[in-house]
Amino acid sequence: MTDERATGLVLHTPGGARYLFDPGALCLELLTTGGPGDYARYEVLHHPEDLTRWLELSRLELPEEGVRVDVGQLTATRTLRDALWRLAAARAHGEAGAGADYAVLNRAAAHPPLVPQIGPDGAAAAPLPADGHQVLSALARDAITLLTGPYADRVRECGGHNCRLIFVDTSRPGRRRWCSMEHCGNLHKVRALRARRDEAERTDPATGSA
């Protein structure tokens with residue numbers, strides 16, 4: 001589920017600024033590709049090749065030949081993602097989630113997973129060639145591990161203004177609040193500083209306003 005390597009996805013603000021977002025789990029990386037309801041406007045998985053490109057940016061260890069994805073597997077991936085959005089958001093708000101969405105995870109996890117390999121040097125090697133169903137299984141199994149494991153109560157929604165990115169807090173103190181300190185964390189600091197300055201100006205006798 002989690003990975004100690006330097007991981008994360010480069011996201012872009014509406015203004016074009018770049019920042020690193022590490023959701024802490026493979027399955028939560030998938031949520032950055034779009035989603036149900038209002039999240040549909042962020043959809044990036046329109047064609048099978050869109051999914052293969054996204055996989056190359058994810059933390060999933062892929063076969064050297066890449067992954068074969070067809071239209072049906074792409075649709076199934078979007079269905080899994082939408083269910084996972086609802087379940088992760090529910091968990092972040094202390095709710096259980098819908099049984100139908102858990103059923104989506106279970107169906108996807110039932111596919112054969114990626115087949116790992118070990119190299120002649122004894123180190124992990126790239127998995128055997130795979131298709132979209134195997135990737136779907138890897139994503140669903142990662143989600144099940146997250147939602148039933150020790151970090152299930154640390155699935156959180158970013159505390160930033162108008163930010164709904166979801167992450168799992170794997171830090172030792174368990175105090176992560178932001179999708180990224182580089183983005184929402186800094187924006188919060190700026191807003192807090194402005195609020196303190198405004199309050200000081202309203203109450204400072206020298207301004208003649210109090």
- request: Would you mind stating whether Glu65 is touching a Leu at 6+ places or on another chain (Cβ under 8 Å) and of a type in the set (Asp, Glu)?
  value: no
If we take the stretch 10-109, then helices (runs of 4 or more DSSP H) inside it with 1 or more residues that are over 18 Å from the mean Cα position of the chain (by Cα) and surrounded by fewer than 16 Cβ atoms within 10 Å (Cβ to Cβ) are 48-57, 71-92, 99-109
Note on Gly149: of the conditions (1) surrounded by fewer than 19 Cβ atoms within 10 Å (Cβ to Cβ); (2) in contact with a strand residue (DSSP E or B) (Cβ under 6 Å, 6 or more places away or on another chain); (3) closer than 19 Å to Leu105 by Cβ, unmet is (2)
So, first residue exposed (fewer than 11 other Cβ atoms within 10 Å of the Cβ) in the stretch 112-123, second residue part of a loop (DSSP other than H, G, I, E, B), Cβ within less than 9 Å, six or more apart or across chains; the pairs are Gly119/Ala126
If we keep only residues of the stretch 63-95 that are acidic (Asp, Glu) and in contact with a Pro (Cβ under 9 Å, 6 or more places away or on another chain), then the residue nearest to Arg156 (Cα to Cα) is Asp82
Taking the conditions exactly as written (at pLDDT below 90 and either at positive phi or surrounded by 11 or more Cβ atoms within 10 Å (Cβ to Cβ) (or both)), does Cys158 satisfy them or not? no
Those residues of the stretch 124-146 which are open to solvent by 20 Å² or more (accessible area, probe 1.4 Å) and free of Cβ contacts under 8 Å to residues at least 60 places away in the same chain amount to Ala125, Arg141, Ile144
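The values are calculated or read from the model by the stated rules, or taken from the named source; none is laboratory data. On a predicted model such as this, the values are computed, not experimentally measured, just so you know. Using ideal geometry, Cβ is built from the backbone for each residue, glycine included, and neighbour counts are taken over all protein chains shown. Side chains are part of the model used for accessible areas, which takes the heavy atoms of the whole protein and leaves out ligands, DNA and RNA. Shrake-Rupley method; radii C 1.70, N 1.55, O 1.52, S 1.80 Å.
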